[in-house]
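Asks: Would you mind keeping the following structure in view while I ask a few things?
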Amino acid sequence: MFGGGSGSGGQLYDYSEEEDQLGKVYDRVLMKRLIGYLKPYRLEVVLIGFLMVGSRGAEWLMPLLMKHGIDEYIGPGNLQGLKTIAIYYILLLVGRFIFTYFEEYRMQMVGQKAMYDIRMSLFSHLQRLDVRFFDRNPVGRLMTRVMGDVEVLKELFTSGVITVFGDLLTIFGIMVMMLYLNWKLALVSFTVLPIIFAATTIYQIYSRRAFRDQRRYLAQINAYLNESIVGMTTMQLFTQEPRSMVRFDEKNQQYLGANLRSIFYFSLFSPMIEVCGSLALTVIIWYGGGQALQDALTLGTLFAFIQYSQRFFWPIRELSEKYTIFQNAMASSERIFDLMDTEPTIVSPTPGKELAALKGEIEFRNVWFAYNADDYVLRDVSFKVKAGEKVAFVGHTGSGKTSIINLLCRFYEVNEGQVLIDGTDLREMELPDLRRAVNIVQQNIFLFSGTIEKNINLENPEITKGDTIAAAKEVHLDRYVQNMPAGYATEIREGGAGLSVGQKQLVAFARALASDPDILILDEATSSVDTETELLIQDALNRLMANRTSIVIAHRLSTIQNADKIIVMHRGEIGEMGTHNELLQQRGIYYRLYQLQYKGQEVG
Ligand SMILES: Nc1ncnc2c1ncn2[C@@H]1O[C@H](COP(=O)(O)OP(=O)(O)OP(=O)(O)O)[C@@H](O)[C@H]1O
Ligand SMILES: [Mg+2]
């Protein structure tokens, strides 16, 4: 066990597990919920419906117009009438163009807006979830949810749901037209439909498997890539590149294979439909031509049939492509809704207790706590910190120090017992009140990408520029910032790259000071800094702790000798408690820890 912190599963996590199931093609409940996202745009959708009927209508009419042209004007040789037909035809073309353009544009717009809404609600939901949830879900997976799965849904909205109606409309309309023109020839041309139906079914069975593999391998590649990039330095340090390359290659190969398979099926299927189309054409020419020769059919009708049959197969092919879109979208939406339905367990009570100004008294009352099931990391912990006191926690790594403050900030819920501030159970406090009252400088400091200033005030409008600089000066950060190219406007890169460990710590101190909490917690990082910086940090710390209740988790015992109380944690229990001198006299755990460090310093 190496320290506390967040335990990401690393490569031990099996990313493939959840991507395995294949969604249904159509799930009424999911679909209903998805359609719910179109509600704010229902006017648009109705409009799209009209545009669609317009554009498809033009398509139905074009061959009919041709038929009239041939039968009534070309046959009898009426050039004037033919001109009118040509004008009508052009009008239809222009009309179809305009309708299709607006239809397509509006549809994409509605789809994009709906996705925007889904991304917003996903992100705001993620923000409410407990720390425990993030312990369990690797970053890669959540990223895939918010961006990847939503992207799949977009496909459903823009070229799925609505266009399916369009395609069905086209197919249905053409069938009606054909039956209206000549029902016998229509039925004869429909004889190819069973072949198409069979081909589509077979295609779907095989492509389904290939698509499932595709998705699964892609998820694995993404997860692996994510982890490799994050851990690149470690990987390079241990010259893991060749091994990592092999692993990546393996996944990449699998992905390639699945892609090729799916392409193979589609390349087979696509010409199949085309062949069916030609087959229908042959049937029409053969049967219809025969009829025409016997004068049972006009040439115009024959021509219209040929045109219709060509317009008929395109949407059928489209529909079978939609099949996969639906399938993917159902699987994605299932995962998205799963995430949205994960309710945070740590929430503000209703109604929350009104809080007067806090004094900052802390009490742990017989607290038991486990991260997993009943693997307790804190056992029957009880202690009190009076308002304004400075209390230090010490103990071996993994003894439960960070866990205690995790509970004090209510990042996790206690299993048994109570944590109280000013006599109020944390569970009865509004979360924002609690988080405002308690501030914590964490063991692994997190800096956001943005300016130094923003990292200190966290864009809290109540903290003025003057407060920000005052806080930085107070914790000795100012002198470093003055040396930076753009001062407080210097951009910090993701995760605080570009700052030293000591500087990062000072930024975190300044941040804590600027927010002026009632209770301040410092989880000291184990990494050491040079003696001069250490003195600076120590002084900054003292200023930070002045006039408020504070808890320090210390690794260097020299820093806590004047604490009001020192609590020694030992395997999840309180081992010893007292002042520095009292504990030394007890000659127990603290004494031994102290001796070890003292000796270490003497030798070093
Ligand atoms: N997120 C977590 N999920 C599961 N177990 C955890 C988690 N965080 C810590 N633990 C476990 O809880 C125990 C106590 O960890 P904790 O972080 O409180 O130790 P610590 O006293 O702060 O150690 P250190 O001095 O190294 O920071 C350890 O056994 C650790 O493995
Ligand atoms: Mg810790």
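Asks: Evaluate region 76-84: report whether one residue or more is closer than 27 Å to Thr158 by Cβ, of a type in the set (A, V, I, L, M, F, W, C) and modelled with pLDDT under 90. Lay out the reasoning, then the answer.
Replies: If we filter region 76-84 for residues that are closer than 27 Å to Thr158 by Cβ, which is where we start, we get none.
No.
Asks: Right, another one. What's the number of the condition Met340 fails, among (1) in contact (Cβ under 8 Å) with a residue 40 or more places away in the chain; (2) within 11 Å of ligand 1 (Cβ to nearest atom); (3) outside any strand (DSSP E or B)?
Replies: Of the numbered conditions (1) in contact (Cβ under 8 Å) with a residue 40 or more places away in the chain; (2) within 11 Å of ligand 1 (Cβ to nearest atom); (3) outside any strand (DSSP E or B), the odd one out for Met340 is (2).
Asks: Sticking with this structure for a sec: Could you please tell me which pairs satisfy a Cβ distance under 9 Å, a separation of 6+ or placement on different chains, a first residue in region 256-270 that is within 13 Å of Glu321 (Cα to Cα) and of a type in the set (A, V, I, L, M, F, W, C), and a second residue that is surrounded by fewer than 17 Cβ atoms within 10 Å (Cβ to Cβ) and at pLDDT 85 or above?
Replies: Phe269/Ile202
Asks: Can Thr549 be described as modelled with pLDDT under 80 and of a type outside the set (Asp, Glu)? Steps first, answer last, please.
Replies: Values: modelled with pLDDT under 80: no; of a type outside the set (Asp, Glu): yes.
For Thr549, the condition - modelled with pLDDT under 80 and of a type outside the set (Asp, Glu) - is not met.
Asks: I would also like to ask the following. Just for region 394-405: of the residues that are near ligand 2 (Cβ under 9 Å from one of its atoms) and closer than 15 Å to Gln442 by Cα, which one is surrounded by the most Cβ atoms within 10 Å (Cβ to Cβ)?
Replies: Among those residues, the one meeting the criterion is Lys401.
Asks: Still on this structure, I have one more. From Arg571, Arg556, Arg543, grab the single residue that is of a type in the set (D, E, K, R), touching a helix residue (DSSP H, G or I) at 6+ places or on another chain (Cβ under 6 Å) and surrounded by fewer than 19 Cβ atoms within 10 Å (Cβ to Cβ). Spell out how you get there, then give the answer.
Replies: Numbers: Arg571 fails: touching a helix residue (DSSP H, G or I) at 6+ places or on another chain (Cβ under 6 Å); Arg556 fails: touching a helix residue (DSSP H, G or I) at 6+ places or on another chain (Cβ under 6 Å).
Criteria check complete, one pass: Arg543.
Asks: Here's a follow-up. Test of understanding: among Val391, Val414, Val419, which residue is within 31 Å of the chain's Cα centre (by Cα), surrounded by 17 or more Cβ atoms within 10 Å (Cβ to Cβ) and more than 15 Å from ligand 2 (Cβ to nearest atom)? Walk me through it before giving the result.
Replies: Numbers: Val391 fails: within 31 Å of the chain's Cα centre (by Cα); Val419 fails: within 31 Å of the chain's Cα centre (by Cα).
Within the list Val391, Val414, Val419, the selection yields Val414.
Asks: In this structure, is Ala258 buried (at least 18 other Cβ atoms within 10 Å of the Cβ), under 20 Å from Asn328 (Cα atoms), more than 24 Å from the chain's Cα centre (by Cα) and among the small types (Gly, Ala, Ser)?
Replies: Values: buried (at least 18 other Cβ atoms within 10 Å of the Cβ): yes; under 20 Å from Asn328 (Cα atoms): yes; more than 24 Å from the chain's Cα centre (by Cα): yes; among the small types (Gly, Ala, Ser): yes.
Criteria met by Ala258.
Asks: Answer yes or no: is there a residue in region 408-416 that is within 16 Å of ligand 1 (Cβ to nearest atom) and modelled with pLDDT under 90. So that I can check it myself, show each step before the final result.
Replies: Kept after step one, since they are within 16 Å of ligand 1 (Cβ to nearest atom), are these residues of region 408-416: 408-415.
Still in the list and also modelled with pLDDT under 90: none.
No, that holds for no residue.
Asks: Do any residues in region 380-400 that are under 10 Å from Val568 (Cβ atoms) have Cβ atoms under 7 Å from those of residues that are outside any loop (DSSP other than H, G, I, E, B) and within 9 Å of ligand 2 (Cβ to nearest atom), where the two are at least six apart or on different chains, and which pairs are they?
Replies: Sorted first by the residue in region 380-400, then by its partner, the pairs are Phe393/Lys401; Phe393/Ile553; Gly395/Lys401.
Asks: I need the full set of residues from region 444-463 which are under 24 Å from Asp539 (Cβ atoms) and free of Cβ contacts under 8 Å to residues at least 40 places away in the same chain, in order please.
Replies: Once the filter is applied, which keeps residues that are under 24 Å from Asp539 (Cβ atoms) and free of Cβ contacts under 8 Å to residues at least 40 places away in the same chain, region 444-463 yields only Glu453.
Asks: With (1) within 15 Å of ligand 1 (Cβ to nearest atom); (2) touching a strand residue (DSSP E or B) at 6+ places or on another chain (Cβ under 6 Å); (3) over 16 Å from Asp425 (Cα atoms) as the list, and Thr397 as the residue in question, which single condition is left unmet?
Replies: Going through (1) within 15 Å of ligand 1 (Cβ to nearest atom); (2) touching a strand residue (DSSP E or B) at 6+ places or on another chain (Cβ under 6 Å); (3) over 16 Å from Asp425 (Cα atoms) one by one, Thr397 breaks only (2).
Asks: Search region 559-598 for residues being assigned to a strand (DSSP E or B) and free of Cβ contacts under 8 Å to residues at least 60 places away in the same chain, and hand back the single one that is nearest to the chain's Cα centre (by Cα). Give the derivation first.
Replies: Applying the first criterion (assigned to a strand (DSSP E or B)) to region 559-598 yields 565-570, 573-578.
The next check asks that each one be free of Cβ contacts under 8 Å to residues at least 60 places away in the same chain; those that pass are 576, 578.
On the way: Glu576: 45, Gly578: 47 Å.
Filtering region 559-598 for residues that are assigned to a strand (DSSP E or B) and free of Cβ contacts under 8 Å to residues at least 60 places away in the same chain, the one nearest to the chain's Cα centre (by Cα) comes out as Glu576.
Asks: Do the conditions hold for Asp478, that is, is it away from ligand 1 (no atom under 16 Å from the Cβ) and either among the aromatic types (Phe, Trp, Tyr) or in contact with a Lys or Arg (Cβ under 7 Å, 6 or more places away or on another chain) (or both)? I'd like the intermediate steps shown before the answer.
Replies: Values: away from ligand 1 (no atom under 16 Å from the Cβ): yes; either among the aromatic types (Phe, Trp, Tyr) or in contact with a Lys or Arg (Cβ under 7 Å, 6 or more places away or on another chain) (or both): no.
No, not satisfied.
Asks: So which of Gly69, Gly49, Gly75, Gly57 ends up being in contact (Cβ under 8 Å) with a residue 60 or more places away in the chain and surrounded by 18 or more Cβ atoms within 10 Å (Cβ to Cβ)?
Replies: Values: Gly49 fails: surrounded by 18 or more Cβ atoms within 10 Å (Cβ to Cβ); Gly75 fails: surrounded by 18 or more Cβ atoms within 10 Å (Cβ to Cβ); Gly57 fails: surrounded by 18 or more Cβ atoms within 10 Å (Cβ to Cβ).
Gly69 is the lone residue from the list that is in contact (Cβ under 8 Å) with a residue 60 or more places away in the chain and surrounded by 18 or more Cβ atoms within 10 Å (Cβ to Cβ).
Asks: What are the pairs, 6+ residues apart or on separate chains, where a residue within region 362-374 that is in contact (Cβ under 8 Å) with a residue 60 or more places away in the chain has its Cβ under 7 Å from a residue that is buried (at least 17 other Cβ atoms within 10 Å of the Cβ) and part of a strand (DSSP E or B)?
Replies: From region 362-374, the pairs are Ile362/Val385; Ile362/Ile421; Ile362/Ile519; Ile362/Thr549; Glu363/Leu420; Tyr371/Val377.
Asks: Okay, next question. Mind listing whichever residues of region 451-477 are part of a loop (DSSP other than H, G, I, E, B) and hydroxyl-bearing (Ser, Thr, Tyr)? Please lay out each step first, then the result.
Replies: Looking only at region 451-477, we keep the residues that are part of a loop (DSSP other than H, G, I, E, B), and these are 458-464, 475-477.
Result: Thr464, single match.
Asks: Same structure, new question: If you check Leu477, Leu513, Leu506, Leu522, which single one turns out to be assigned by TED's automatic domain parsing to the domain that holds Cys409, within 16 Å of ligand 2 (Cβ to nearest atom) and modelled with pLDDT of 85 or more? Break it down into steps so the answer makes sense when it comes.
Replies: Working: Leu477 fails: within 16 Å of ligand 2 (Cβ to nearest atom); Leu513 fails: within 16 Å of ligand 2 (Cβ to nearest atom); Leu506 fails: within 16 Å of ligand 2 (Cβ to nearest atom).
So the residue among Leu477, Leu513, Leu506, Leu522 that is assigned by TED's automatic domain parsing to the domain that holds Cys409, within 16 Å of ligand 2 (Cβ to nearest atom) and modelled with pLDDT of 85 or more is Leu522.
Asks: Next question, about the same structure. Can you name the condition, by its number, that Arg379 falls short on among (1) away from ligand 2 (no atom under 16 Å from the Cβ); (2) within 22 Å of Phe134 (Cβ to Cβ); (3) in contact with a Gly (Cβ under 7 Å, 6 or more places away or on another chain)?
Replies: (2)
Per-residue answers, yes or no, for (1) at pLDDT below 90; (2) surrounded by fewer than 17 Cβ atoms within 10 Å (Cβ to Cβ); (3) not assigned by TED's automatic domain parsing to the domain that holds Met66; (4) not in a helix (DSSP H, G or I):
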site	(1), (2), (3), (4)
Glu250	no, yes, no, no
Tyr265	yes, no, no, no
Leu268	yes, yes, no, no
Gly277	yes, no, no, no
Thr282	no, yes, no, no
Trp286	no, yes, no, no
Ala292	yes, no, no, no
Leu297	yes, no, no, yes
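Asks: Could you please tell me which pairs satisfy a Cβ distance under 7 Å, a separation of 6+ or placement on different chains, a first residue in region 538-558 that is assigned to a loop (DSSP other than H, G, I, E, B), and a second residue that is of a type in the set (Asp, Glu)?
Replies: So the pair list comes out as Arg548/Asp518; Ala554/Glu524; His555/Glu524.
The values are calculated or read from the model by the stated rules, or taken from the named source; none is laboratory data. The shown structure was predicted, so the numbers you read here are calculated from the model rather than taken from an experiment. Ideal geometry is used to build each Cβ from the backbone, glycine not excepted, and the neighbour counts take in all protein chains shown.
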